[in-house]
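Written below as structure tokens is the structure these notes are about.
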């Protein structure tokens, strides 16, 4: 199958890659660029484990075609910590034990970061609905929601 | 097995030319939230995918006359962030907002939701109730089509080869008008509608309904505009009798199937209940306008 | 947040056990670095994919792979001809047994396709798209046979037979004709007939449950590399890499020592990753192609081809006196096993009435094959199904007797010394404590709103121990590396490190726990049966004690005093008393840095068959609200109370409680396998399988009760499985409280609830 050449920006860095037209952004991240932090749980947009930011919008990378990336900009979980400084959400997820197996965690973090950038003071209900597209089978969501609310509170305070 | 070609034209003319000239199956890619799922599941094997998100007029929301024109590729998130649209058409905005997760909202488009041809598409009953008109552009120029005339059956539309839905026109709103959309799903999010109801109405100064449109989703092979349901409201103050008549008309219009998402019996009953609840919300909103 | 009825940690002098530090693998998991099954990549790796049957039941006449093999980029194609057949032999997989004769047929269909999704061929190719194309070029000739999906249908005399040689075991006399019932089991105490004769009130009711999937978010994945010298490396997502090694070695005819299995981080298992699916196929493809092969399931494959738990038909009868003492209890359980024998009906029978102190009990179970994927363990396999029926009848009985449901349970609750119907006498257990905690909880006292109802249910699970190895290396700088063999699904590395730190007397962050591969440790049974923190914890403590012994020996050497004159206190070697000599205490680090001069490396290594696992009891309390026009049940408030023995890391104990409760909410309200008349699964995806999403549930309150397990050095009981047992009955009881209607079918989905409401109102049309 012939491949398409794509120039894009990932986590602030210029990136070029070749992909088949049917490969998704998630396939490209994982299989071509070895950025395996974004996970495939369903490949149908139903679990959110592959959440990334595309031109500043939260999307499922499994529902974006690789060639669409030309000239666009992507942020993944790999770009969330700055140097050795974890993002406050990452820190709070650790403190609240908001993960068990951890497979859904990158998607939750990317989605929660998008929420707090748009709404720094969400209610519990707002957090739950914003994150309804991120499935977690381990935690029952309780500690995840608490971690997000606590991060929001801390970030507002600082 | 077909080799799929991806194109991202930057003008409507170029997109139409690509689609019209395609050999084999051609698909329009807007948000891709249905298309990519179908691709992955091997339900479709298009020879050509035309990404329309680089065509400026498909990605804009603008005031037109006293109404709005919304590009067919505008995402749910963009529509819901628009400062004015949501105030005038809260039902359309909330229906669009119900399509999938936040992540899906970042991509899903009204054009895609309509042209995917699902009877259960959330935005479609709201668009129909709103009286929205689709601007369809094709090799022979452009034509305006009421939204209820686009979907002809599950997965089928009245679009001809080379045609795409470019935008939707929303008419101007008289005073004391509003709309609402409700759907039933088993969970609180992430499901396909078991029943969806869009209601748009206008009241006079005394609170009597002077105009109404009621549309149902997921209860027939296509989304339905239900004239009898609207009739039940027009000329009334949406009192209990009118609401009961509305519910009855909504249930009577149903021609659903039994499937994994709901039974015929259940869908028929829920259509009535939801029609009443939706009309109530639209009524309260209209009174405030 | 959690309340805790705790042992007094300070009184016990505990510094680390019972605290909530950040988990050792945490940063990797919040940054995307952690490597899960599908995250491994090896140079020169091929992509493997499986062709699956669309037929629920069909003879496989022929398989023609020639066109697929001819496709450029295809490196290997395998079918049943590449997998050696095996004789019938049962081996343990978690709390269930598997049979090799069946296992080879489950990983690759031989004579027949037995369910929609059954593997019939696999390919390895240079890319995913080439592999996908190759699958379409494989021609399989099927002869469709009549199929059977429902458990009661499968038990009928004229049902289509899945296995012509299946003669029901446990029947007297032994049947002569084949059927779909693989076995009948029975457990009991006393005499139920005379018990029911003494009863003043008897309730009996039949229940139906649907198969539900574990629903781990990470699909099965592995990378296999088989080399020309007959050795192999396997990286996979599994709950037990030693068990994977055993199965793969047997299936591929290899020496166990020639396969090295490394467990990746695992993205959820819940019992479903205790068996093999892709691993033997990936090894066979790697062997045939001469290259490493990576295989990852799609979500559709996970649903269609991997273990859900059984759907079942359950009948329960319980009798009691007017003052609330149960006189007899009886149940009959019919569990679907899927395409091959081996449902969890036996544990289902054993735990059905375990929460109660009964004189007369009888439980009969049937294991029934149907044209569905072979069931796999799912969190307390078998327990939730039988205990759902029992706890609903208990509730109904309490109401009929006009007794508070908690009081009724307290009157009959099992306690230390109770003889359980399945055999043993209980040691110290915490059921009464959980019931008392529910009664005392503010949740139990709040007023309900309109259309709301409150339900309560208890649950029991055995928990297991088993073969376990742990190595604890004391490093030259005084830090310690802990290697365990139980894959960490939910934070067990944190618990193990806490126990190591506590025992050694060093800081938690000086202990680095890892999961060793199968060539680095002795055989260690899988993470399942709520055994990881219990068994690997016990082994960790023993390894630490062994290291301490050696540390004391070294101190004795340095001080030139007898070994028994040195004691270990607060992480230091000290002279045992004034007579032993006057030496400054030496820290672990002090001794470790001199290890090279005092006898070499200091290592604790433990190999145990962990005994003394103790059951965990829990009681759940739930408020629901019902939309009577739509039939939707909303969970308004939820509280889990459970005995943990000792919560080593309370946050992860709470997490187990909360996660189990929410899985149970899904089971109760929406989750089910939906089949068409054609015997094909219709909802093989997260869209229509409908596991709970964040907006479906409230915060889940937890109360950790601690009745220590005397057989564990820190009092630990397993906690992972019990939480999924009570929710279905608790919710059904709450719905009954709200509506006055008893539901006897799961899930209580909106169409069913609405129909029942209308039938009760006489308004149905």
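FYI, it's all coordinate maths here, none of it is from the lab. Only a predicted model underlies this, so the values are computations on that prediction, with no experimental measurement involved. Glycine gets a Cβ as well: all are built from the backbone with ideal geometry, and neighbour counts include every protein chain shown.
For segment C:197-352, what does the relative contact order come out to in percent, with C-alpha contacts under 8 Å and a separation of six or more? So the answer I get is 32 percent. Computed across segment C:576-631, the Kirkwood hydrodynamic radius from all distinct Cα-Cα pairs reaches 18.8 Å.
Based on Cα contacts under 8 Å between residues 6+ apart, segment B:1-143 shows a relative contact order of 23 percent. Computed with the Debye formula from one identical point scatterer per Cα of segment B:82-191, without solvent, the log10 of I(q)/I(0) at q = 0.17 Å⁻¹ comes to -0.84.
When only Cα pairs under 8 Å and 6 or more residues apart are kept, what is the percent relative contact order across chain C? Mind showing how you got there, number by number?
Details: 2013 pairs, mean separation 119.6, N = 765.
Once normalised by length, the contact order is 16 percent.
Measuring how big segment C:515-571 is from its alpha-carbon positions, Rg and Dmax come out at 15.9, 47 Å. Summarising the overall dimensions of segment C:137-265 from its C-alpha atoms, the Rg and Dmax are 23.4, 73 angstrom.
Spin-label model, residue B:288 to residue C:41: label points 7 Å out along the Cα-to-beta-carbon direction sit 5.1 nm apart.
Just to check, using Stokes-Einstein with a Kirkwood Rh over alpha carbon pairs, what's the diffusion coefficient of the protein assembly as shown at 4 °C and 1.567 mPa s in µm²/s? Present the calculation step by step, with values, prior to reporting the outcome.
On the way: Rh = 31.8 Å.
Taking Rh from Cα pairs, D becomes 41 µm²/s.
Ellipsoid fit via the Cα gyration tensor, segment C:619-658: semi-axes of 31, 9, 5 Å, each the root of five times an eigenvalue, largest first.
As an exercise, use a Förster radius of 22 Å and the Cβ-Cβ distance of residue C:176 and residue C:678 to find the FRET efficiency, rounded to the nearest 0.05.
Working: r = 33 Å, r/R0 = 1.49.
It comes to 0.10.
Derived value for segment C:288-444: Kirkwood hydrodynamic radius 17.6 Å. Basis is the mean of 1/r over every pair of different alpha-carbon atoms. For segment C:192-317, taking the reciprocal of the average inverse distance between every pair of different Cα atoms yields a Kirkwood hydrodynamic radius of 16.9 Å.
Calculated on the alpha-carbon coordinates, the convex hull of segment C:256-352 measures out at 185 cubic angstrom per residue. Its alpha carbons considered, segment C:387-459 gives a radius of gyration followed by a Dmax of 13.8, 45 Å.
Over the C-alpha atoms of segment C:224-296, the Rg to Rh ratio, Rh being the Kirkwood estimate, stands at 0.94. Put in line by how crowded their Cβ is, counting other Cβ atoms within 10 Å and starting with the fewest, C:247, C:649 read C:247, C:649. Share of Cα-Cα pairs in segment B:114-245 beyond 18 Å, in percent? In whole percent, the long-distance tail amounts to 57.
For segment C:458-507, the spread of Cα positions along the three principal axes, ordered from largest to smallest, is 48, 22, 18 Å. Shape annotation for segment C:716-765: C-alpha extents along the principal axes are 55, 18, 12 Å, from largest to smallest. Peptide C:684-691 has a mean shielding of 6, counted as Cβ atoms of other protein chains within 10 Å of each residue's Cβ.
In segment C:614-754, the convex hull through the Cα atoms has an average projected area of 9.9 nm², a quarter of its surface area.
Based on the Kirkwood radius over alpha-carbon pairs, what is the Stokes-Einstein translational diffusion coefficient of segment B:53-131 at 4 °C with 1.567 mPa s viscosity, in µm²/s? Don't skip to the answer; put the middle values down first.
Numbers: Rh = 12.5 Å.
The Stokes-Einstein estimate is 104 µm²/s.
With the convex hull drawn over the C-alpha atoms of chain C, the volume per residue is 175 Å³.
Once the convex hull of the C-alpha atoms of segment B:1-145 is built, how many Å³ does it hold per residue, rounded to a whole number? Don't skip to the end; give the middle numbers.
Details: hull volume 16.6 nm³, N = 145.
About 114 Å³ per residue, rounded to a whole number.
Put simply, the convex hull of the Cα atoms in segment C:282-325 casts, on average, a shadow of 6.8 nm². Counted over all Cα-Cα pairs of segment C:373-506, pairs farther apart than 17 Å make up 75 percent. For chain C, the mean residue ellipticity at 222 nm estimated from helices alone is -8000 deg cm²/dmol, where every DSSP H run of n ≥ 4 contributes -39500 (n - 2.57) and the total is divided by all residues, rounded to the nearest 500.
Counting neighbouring Cβ atoms within 10 Å and putting the fewest first, the residues A:87, C:57 line up as A:87, C:57.
For residue B:152 and residue B:13, the difference between the fully extended length at 0.36 nm per residue and the C-alpha to C-alpha distance is 47.5 nm.
Look at the stretch A:46-53: the mean tally of other chain Cβ atoms within 10 Å of its residues' Cβ atoms is 6.
Note on C:32-45: average number of Cβ atoms from other chains within 10 Å of each residue's Cβ is 4.
Which value results when the Cα radius of gyration for segment C:102-205 is divided by 2.2 N^0.38 Å? Walk me through the numbers before you get to the answer.
On the way: Rg = 22.3 Å, N = 104, 2.2 N^0.38 = 12.8 Å.
My calculation over the Cα atoms of segment C:102-205 gives 1.73.
The ranking of C:235, C:568 from fewest to most other beta carbons within 10 Å of each one's beta carbon is C:568, C:235.
The fraction of all Cα pairs in segment C:682-765 landing in successive 10 Å bins from 0 to the largest distance is 12, 30, 29, 18, 8, 2, 0, given as whole percents. Binning all Cα-Cα separations of segment B:213-262 at 10 Å, short to long from zero, yields these whole-percent fractions: 28, 46, 22, 4.
If you bin all the Cα-Cα distances of segment C:127-183 at 10 Å, starting from zero, the percentages per bin are 20, 31, 18, 18, 11, 2.
Looking at the P(r) of segment C:426-501, how many percent of alpha-carbon pairs lie beyond 16 Å? Cα-Cα pairs in segment C:426-501 separated by more than 16 Å: 72 percent. Gyration tensor analysis over the Cα atoms of segment C:493-547 returns equivalent ellipsoid semi-axes of 19, 12, 11 Å (largest first, whole Å). Each part gets one Cα centre, and for segment C:55-71 versus segment C:354-399 those centres are 40 Å apart. Spin-label pair residue A:117-residue C:597: with each label point 7 Å from Cα along the Cα-Cβ axis, the two points sit 5.7 nm from one another. Diagonalising the gyration tensor over the Cα atoms of segment C:486-590 and scaling each eigenvalue by 5 before taking the square root yields semi-axes of 32, 13, 11 Å, largest first. Evaluated at q = 0.09, 0.10, 0.15 Å⁻¹, a Debye calculation over the C-alpha positions of chain A (equal weights, vacuum) places log10 I(q)/I(0) at -0.29, -0.35, -0.76.
Quick one: grab the alpha carbon gyration tensor of segment C:25-138, order the square roots of its eigenvalues as a ≥ b ≥ c, and give me rounded if a/c is under 1.5, else prolate or oblate depending on whether a/b is larger than b/c.
Values: a/c = 2.29, a/b = 1.14, b/c = 2.00.
Judged from the Cα gyration tensor, segment C:25-138 comes out oblate (a/c at least 1.5, b/c at or above a/b).
Summary of packing: across the peptides B:113-125, C:372-384, the per-residue average of other C-beta atoms within 10 Å ranks them, highest first, as C:372-384, B:113-125. Across q = 0.14 Å⁻¹, chain B modelled as identical point scatterers on its alpha-carbon atoms has Debye log10 I(q)/I(0) values of -0.97, in the order of the q list.
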